[in-house]
1. Say whether the condition of being in contact with a strand residue (DSSP E or B) (Cβ under 9 Å, 6 or more places away or on another chain), at pLDDT 80 or above and not in a helix (DSSP H, G or I) is met by at least one residue in the stretch 111-131.
2. For the subset of the stretch 112-125 comprising residues that are out of contact with any Gly (no Cβ under 9 Å at 6 or more places or on another chain) and either among the hydrophobic types (A, V, I, L, M, F, W, C) or surrounded by 13 or more Cβ atoms within 10 Å (Cβ to Cβ) (or both), which member is farthest from R67 (Cα to Cα)?
3. How many residues does the stretch 78-99 hold that are touching a residue at least 12 places away in the same chain (Cβ under 8 Å) and either surrounded by fewer than 15 Cβ atoms within 10 Å (Cβ to Cβ) or at positive phi (or both)?
4. For the stretch 132-155, how many residues meet the condition of being in a helix (DSSP H, G or I), at pLDDT below 80, surrounded by fewer than 17 Cβ atoms within 10 Å (Cβ to Cβ) and not hydrophobic (A, V, I, L, M, F, W, C)?
5. What single numbered condition from (1) free of Cβ contacts under 8 Å to residues at least 24 places away in the same chain; (2) more than 21 Å from N104 (Cβ to Cβ) fails to hold for G55?
6. For K102, work out the one condition from (1) modelled with pLDDT under 90; (2) of a type outside the set (S, T, Y); (3) surrounded by 15 or more Cβ atoms within 10 Å (Cβ to Cβ) it doesn't fulfil.
7. Answer yes if at least one residue in the stretch 168-176 is at pLDDT below 60, within 30 Å of V52 (Cα to Cα) and under 14 Å from the mean Cα position of the chain (by Cα), and no otherwise.
8. Residues that are among the aromatic types (F, W, Y), modelled with pLDDT of 90 or more, surrounded by 12 or more Cβ atoms within 10 Å (Cβ to Cβ) and more than 20 Å from the chain's Cα centre (by Cα): does the stretch 67-75 have at least one?
Amino acid sequence: MAAHAGRQLPIDDAIYHVGSSFGNPVRYSNLHDYGYGYFSNHPWINKDGKAVIVGKVTILRSMASFRRYMGLRYLLLLKGLEVATAAFCRSFQRTYHDMNRKINIVMRLVELYRPYLFFKGVFNDTNTEKLRSVMKEKTSEADIFYFDPKCINWDDYFTRIHLVGLVKYVFKLTFPLNMLINQDKALLIYFY
């Protein structure tokens, strides 16, 4: 911004990316480690006052693997519950409908966010690097803006800022987290 302010020439349309990028990528393989480490050291307390147990995550690499996982882990059980409901005069009808609704919501959410869940791109921060070098040469304000993505400590960011905010603001919501959290155990699925 400061470098562009002193330019006489018109500014080209450029995208300046500061964050996870080619210069300092946050590795997806580390995200589950950050989450597991944080929630192991700072257990999330559910509405009943019990600590939610967090286990190692299941990493799914494709939509096909997600469907297979859901089919084996949940849809077979749901089908069994449907048969039991029919056999026992609809005794489990409410449970069946509740579980079926939750599974359908999860499937719709995954389908909706599919392009982002399996995104394999890396953001190019060349424009940002060029701007930073011009700013350093021409202005004394380079340190004021301080947007060097190489200085981002992803471990520190996720464990001290991102996950803390997630617990404080997002976990208060009842949808869609309540369908992923059982009484004392959280279902964590990461996509890669």
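The values are calculated or read from the model by the stated rules, or taken from the named source; none is laboratory data. Model, not experiment: these values are computed from the prediction. All Cβ positions, glycine included, derive from the backbone under ideal geometry; neighbour counts span all protein chains shown.
1. Checked the stretch 111-131: at least one residue is in contact with a strand residue (DSSP E or B) (Cβ under 9 Å, 6 or more places away or on another chain), at pLDDT 80 or above and not in a helix (DSSP H, G or I).
2. N124
3. Residues in the stretch 78-99 being touching a residue at least 12 places away in the same chain (Cβ under 8 Å) and either surrounded by fewer than 15 Cβ atoms within 10 Å (Cβ to Cβ) or at positive phi (or both): 1 in total.
4. Count: 6.
5. (1)
6. Single failed check for K102: (1).
7. Yes, the stretch 168-176 contains at least one residue that is at pLDDT below 60, within 30 Å of V52 (Cα to Cα) and under 14 Å from the mean Cα position of the chain (by Cα).
8. Yes: one or more hits.
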